[in-house]
Amino acid sequence: MKPPRLTWIDYARGIAIILVVYRHNFEGLKESGVPVDHYMFLEYLNIFFFSFRMPLFFIISGIFVAGSLQKRGLPNFVETKMRSILYPYFLWGFLQLSLQMVFSKYTNGHPTPESYLHLFYLPREIAQFWYLYALFNVSVLYAFAKQVLKLSVRYQLMIGLAAFYISSLLYQKSINVGFVSDILHNYIFYAIGDAISRVITDRKNFKWFESGKLLSAMLLPFILAQAYFLWANLDHANAKYMFVEYYQPFAFLLIAIVGCAFIINLTFVMQRVKILNWLPELGRHSLYIYVSHVIIFACVRIILTKFLGVTNVPLILISGITAGLIGPIILYKLAVKFNMRWIFTLEKEDKKESTHTFIKPVASSASLENNR
């Protein structure tokens, strides 16, 4: 019998994907010309919750690398990542580029046929899709270093720290190395996930992570860290809110880790008290939301602004977020019903339990559940 799911993972992914959809919606509104100047608090929220969203996804993915390698071995590990990450990256990236070209009169992005080549070496040019390409590359490189080169977690952390600093220097000097920059920048977070995996997945330790007192103690450091991130970036707005991340890399690393630690503690508490039961559902479908939410909320924004003449920013934002979160889940369920899961993944569906997450966690020495 499989042990029960680690629901906090789904809670964490649910929170992270909401923040991702919020940011992309808000940035899309600004780029489309909708006046947002009177809603600066929305911009502040956009920056305040920015630092830890993607690091959290990488950390969660890194938590399961050891168990996945133990169960599958390196060749099957790589094949699984190709089916579950690389495949939807190319499929949905191609689809989004195609739709932007067809409906260029209405969309923010205006790609050309040459943009399809960016999928291979400039994923940052393909809107949100950079993450999937980075996750695949980081996962494979990390697994190779762990399985073939036999590098310990300590050395992996050291490599990740050096790579993170190098990525900041490259950014400061405006040296574009394409997808390599995302690998350098996020390797450290994947390594952190692997480093904490045994402790954080051991159910004997859950009583510590589910502590409300710990959450209260972490609240002030979380607020102070994110407040500094907001203040420092606002003070250097010409850097497009990337000042702390790339010009103060070690400060950013600390801020991101504090943010991730707080969210993880929060999701453990939520797992214990069993609240907001819809949030884990978002987490279980986070991959499908990630690849399709921009297309869906862009359609909603275009209909509201271009055809219905709606200019109310909160209304457009709420409508876009809601559609961007719920629409992909409906689309996925329809794909399952009509035997078309291939539009999202080439992985076989587990009939016995819902398995819809970014990375395929597997049973390890800490008795993990089989999440997808």
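Grouping the Cα pair distances of segment 198-288 into 5 Å bins from zero gives a pair-distance distribution of 3, 13, 17, 17, 16, 15, 12, 6, 2, 0 percent in increasing distance order.
Between residue 149 and residue 274, what length in nm is gained on full extension when 0.36 nm per residue of separation is reduced by their alpha carbon distance? Show your work: numbers first, answer last.
Details: separation 125, 0.36 × 125 = 45.00 nm, distance 4.19 nm.
Using 0.36 nm per residue and subtracting the Cα-Cα distance, I get 40.8 nm.
Over the Cα atoms of segment 44-113, Rg to Rh with Kirkwood Rh, two decimal places? Walk me through the numbers on the way to the answer.
Values: Rg = 17.6 Å, Rh = 15.3 Å.
Dividing the radius of gyration by the Kirkwood radius yields 1.15.
What's the FRET efficiency of residue 72 with residue 120 using the Cβ-Cβ distance as r and R₀ = 25 Å, to the nearest 0.05?
Numbers: r = 26 Å, r/R0 = 1.04.
FRET efficiency, residue 72 to residue 120: 0.45.
Given 4 °C and 1.567 mPa s, how large is the Stokes-Einstein diffusion coefficient of the chain in µm²/s, with Rh as the Kirkwood radius over Cα pairs?
Values: Rh = 21.3 Å.
Taking Rh from Cα pairs, D becomes 61 µm²/s.
Place a +1 charge on the Cβ of each Lys and Arg in the chain and a -1 charge on the Cβ of each Asp and Glu, then give the dipole magnitude about the Cα centre in debye, rounded to the nearest 20.
1180
Our coupling estimate for segment 103-114, obtained by passing each phi through the Karplus curve with A = 6.51, B = -1.76, C = 1.60 and θ = phi - 60°, is 10, 4, 5, 10, 8, 6, x, 10, x, 10, x, 5 Hz, Gly and Pro reported as x.
Ordering 273, 29, 261 by the projection of their Cα atoms onto the charge dipole of the chain, which places +1 on the Cβ of Lys and Arg and -1 on the Cβ of Asp and Glu, puts 273 at the extreme positive end. For segment 2-88, the set of GluC sites (Glu not before Pro) satisfying both a DSSP loop assignment and a count of at most 12 other C-beta atoms within 10 Å is empty.
Sparse packing (at most 16 other Cβ atoms within 10 Å of the Cβ) combined with a DSSP loop state is found for the following trypsin sites (Lys or Arg not before Pro) in segment 64-137: 105.
Projecting label points 7 angstrom from Cα along Cα→Cβ for residue 318 and residue 44 puts them 2.0 nm apart.
What does the helix-only formula give at 222 nm for the chain: each DSSP H stretch with n ≥ 4 adding -39500 (n - 2.57), the total divided by the residues, and the result rounded to the nearest 500 deg cm²/dmol? Before the final figure, lay out the partial values.
On the way: 17 runs with 250 residues, N = 372.
After summing the helix terms and dividing by the residues of the chain, the value is -22000 deg cm²/dmol.
What the phi angles of segment 263-280 give under the Karplus curve with 6.51, -1.76 and 1.60, with θ = phi - 60°, is a coupling list of 5, 5, 4, 4, 6, 5, 5, 5, 4, 5, 8, 6, 10, 6, 5, 6, 5, x Hz, glycine and proline written as x.
Among the trypsin sites (Lys or Arg not before Pro) in segment 257-296, those located in a DSSP loop and surrounded by at most 13 other Cβ atoms within 10 Å of their own Cβ are 274.
Note the full-extension length gain between residue 102 and residue 346 as 0.36 nm times their separation in residues minus their Cα-Cα distance, in nm to one decimal. Walk me through the numbers on the way to the answer.
On the way: separation 244, 0.36 × 244 = 87.84 nm, distance 2.70 nm.
Extending this stretch completely gives an extra 85.1 nm.
Given their separation in residues at 0.36 nm each and the Cα-Cα distance between them, residue 110 and residue 335 gain 78.1 nm when the chain is fully extended.
Any read-out appearing in this document is the output of simple, stated calculations on the displayed coordinates, not a laboratory observation. All of these numbers come straight from a predicted model, not from anything done at the bench. Counting neighbours? That spans all protein chains shown, and the Cβs are built from the backbone with ideal geometry, glycine included.
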